[in-house]
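What follows is one structure encoded as structure tokens, with my remarks underneath.
The values are calculated or read from the model by the stated rules, or taken from the named source; none is laboratory data. Remember, predicted model here, so these are calculated numbers, not experimental data. Positions of Cβ are backbone-derived with ideal geometry, glycine not excepted, and every protein chain shown enters the neighbour counts. For the accessible areas, the whole protein counts, side chains as well, though only heavy atoms, and no ligand, DNA or RNA atoms are used. Shrake-Rupley method; radii C 1.70, N 1.55, O 1.52, S 1.80 Å.
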Amino acid sequence: MRKFLFPVILLIVAVLYSSIVVVTEGTRGIMLRFNKVQRDADNKVVVYEPGLHFKIPLIDSIKVLDARIRTLDGSATRFVTVEKKDLLVDSYVKWKISDFGRFYTSTGGGDYGQAASLLSRKVNDRLRSEIGTRTIKDIVSGTRGELMEGAKKALNSGQDSTAELGIEVVDVRVKQINLPDEVSSSIYQRMRAERDAVAREHRSQGKEKAAFIQADVDRKVTLILANANKTAQELRGSGDATAAKLYSDAFSQNPQFFSFIRSLKAYETSFANSDNMMILKPNSDFFRFMQTPNK
């Protein structure tokens, strides 16, 4: 009897162990019976909250789904604005499961890869609709907040919303907006040409203004120099007149001394250069102050 009791106890423990299911925090569970979703009397999918639950072994199974907010971060996608301009928009979406039963059935048994693909398609369609009604200026610096809020609202409540997937979009964010390479190249070339034209205009205006300033400065310099020369000539003439008067007054008091000084200056000038040659008579009046005075 004891030989059969131990295996029975092990079997009971194994059955009890396999009938216990633990739903961890941050997840929700859906009961599957023969791989079919179990529903309540109101035909609603039964969702198991975090905690300890029981199931029928070998018949029931629990599909655990993540109840936390997840992030869908795809690659940049090309969109067309109302101006028929292409933009590369890089965005991400925060989402969570709002209806676990619908999410399970619409994503092929809770396949997160399929859910991301379906959600990405809806997000791109909504962003394409929002961007298609705006200009590049509005998207870049004007109504980007309205664009993201409009996309979020439409994804949650508009036609072809994410509610049919059992998903609620928590937030839509545009990370980066770029122009395609071929568009960027043409825009940069046009901007460079425009900037070059503006630079040439500024340079020509600067040269013209510099020429006016230089001419005005030259005119003022010429006027200042002319006035300075005029004043200098007047001062020099006045000084020479004063000096001549002083010399005249001084020498008029002793004419012989004046004649002597003039002769000395003449000697100094005549004999300053050793190459000078003078042909004069020894008794010339020019040498009268070099001759021995008569006693």
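What the table shows:
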| read-out | value |
| --- | --- |
| Within the accessible area of the range 11-66 (1.4 Å probe), percent carbon and sulfur | 61 percent |
| Three-way shape label, the range 11-66, alpha-carbon gyration tensor, a/c 1.5 | oblate |
| Alpha-carbon centroid distance for the pair the range 38-103 / the range 142-172, whole angstrom | 14 Å |
| Fraction of accessible area attributable to carbon and sulfur, the range 70-179 (%, probe 1.4 Å) | 44 percent |
| Tensor-based shape of the range 70-179 (alpha-carbon gyration tensor, a/c under 1.5 rounded, otherwise prolate or oblate) | prolate |
| Peptides 134-141, 165-172, 86-93 ordered by average Cβ neighbours within 10 Å, highest first | 165-172, 86-93, 134-141 |
| Accessible area per residue, Å², the range 110-157 with all protein chains present, probe 1.4 Å | 50 Å² |
